[in-house]
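J.: Okay, handing you the structure first.
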Amino acid sequence: MKKPIVVALAALALTACDFLPGSGGGTGGGGAGPDSFAKGFVYVTKSDKNLFAADERDYSVPFRLTTTGGVKHPSLSPDGKRVVFIRTTATDSEIQTVSVSGGMVSSVMPSTMSARNLRSPVFTPDGLKIVFAFDNAGTSAIGIVDTDGTNFRTVTSGPLAYSGISMYPDGSGVLAAAGTSTSQLTQIEKVSLTTGSAVNIVNTLGMEADSIASRVVLSPDATKAAFDARLKNSSSVRIFVLDMTTKAITQLTDYPGDQGANDASPCWVGNDKVCFSSDSGGNDQVYALDATKVKTSGGLQVAGATEPWYGPNP
């Protein structure tokens, strides 16, 4: 059953200067705040690993949704009203949810002996279930559970490891990074949530990408997918875009003057822009770029942020 956990809300009154270094504070425009979030980003701050939200009317005025830290892998429900995320604990991890307006944090599912290292949770299109990846018996599988924590079941049972999932908009399945292990995610597959059967989308990641680092995410219209991958010629991570029809893969980001920079956690702003976090220039910030660009940079959206997720999308 769902276990409510009370989260202090005093931090909601803080302005951007309280947790975005160098932001300069301010009250923001358009009345953005926890009770008026319509569309924008949820993300994790690197400094304290707490969850924040920022409405697109004024990204410089975020508001805090958690206070206990340990947050990773947030994503928004299709209607943009709830956030599902992983909170790491002393023993392992658990799936939690919270309203984007703040308030009670609910525990959905803690890790178990047969489902450890829970990660990459996403809501189903109807908002009634959560799909996620987890480790079990030396491999990585996909699971699904009701939002109240009941009816957990394992979806996949094959030889491949799965991680970094996102939903197909029609609810027919998930797009997942796949490979021989979680450190060698070199393929992308569609996995049915009903049967657990998988259809290979691509079995290589192109000329420049070696293995997927954290996420592969479908665009809202399912015509493209974005993923972060380690480069073949270095350990650095960049963002790539896959055309789901032609299977062509292009490298979106590059930093000729900062080869050691790393990008992470791609998501979509509509059907045409890819957002992601990057430590380029020595700062952790969220950027958004046109998905058709090749080896570019820029597009600053939110300062002091990692692991972004944008929504609601069309």
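None of the figures in this text is laboratory data; all of them are computed from the coordinates on show. In this text the structure is predicted, and so the values were computed from the model without any measurement. Heads up, the Cβs are rebuilt from the backbone with ideal geometry, glycines too, and the neighbour counts pull from every protein chain shown.
J.: Note down the relative contact order for segment 76-168 as a percent, whole number, built from C-alpha pairs under 8 angstrom at least six residues apart.
T.: Here the relative contact order equals 21 percent.
J.: Below 8 Å between Cα atoms, with a sequence gap of 6+, how large is the relative contact order for the chain in percent?
T.: After rounding, I find 13 percent.
J.: How big is D for the chain, in µm² s⁻¹ as a whole number, if Stokes-Einstein is applied with the Kirkwood radius of its Cα pairs at 37 °C and 0.692 mPa s?
T.: 170
J.: Please list, or write none, the lysines whose alpha carbon is within less than 24 Å of the alpha carbon of LYS46, excluding same-chain residues fewer than 8 places away.
T.: LYS72, LYS81, LYS273
J.: In whole percent, what relative contact order does segment 188-314 give with Cα contacts below 8 Å and a gap of six or more residues?
T.: Once divided by the residue count of segment 188-314, the mean separation gives 18 percent.
J.: May I pose another question? Using a Gaussian network model on the chain with a 10 Å cutoff between Cα atoms, which of ASP272, ASP135, ASP263 fluctuates the most?
T.: Result for the chain, Cα springs under 10 Å: ASP272 fluctuates most.
J.: Extent of segment 145-273 along each principal axis, from alpha carbon coordinates, in Å, largest to smallest?
T.: On the principal axes, segment 145-273 reaches 50, 32, 30 Å in Cα extent.
J.: Here are some pairs, LYS129/LYS232; LYS190/LYS293; LYS190/LYS232; which of them have Cα atoms lying more than 30 Å apart in this structure?
T.: LYS129/LYS232
J.: Roughly how many nanometres apart are two label points built 7 Å out from the Cα toward the Cβ at LEU128 and THR195?
T.: Spacing of the two 7 Å Cα→Cβ label points: 2.2 nm.
J.: Report the semi-axes of the equivalent ellipsoid for segment 194-245 in whole Å, largest first, where each axis is √(5λ) for an eigenvalue λ of the Cα gyration tensor.
T.: 21, 13, 10
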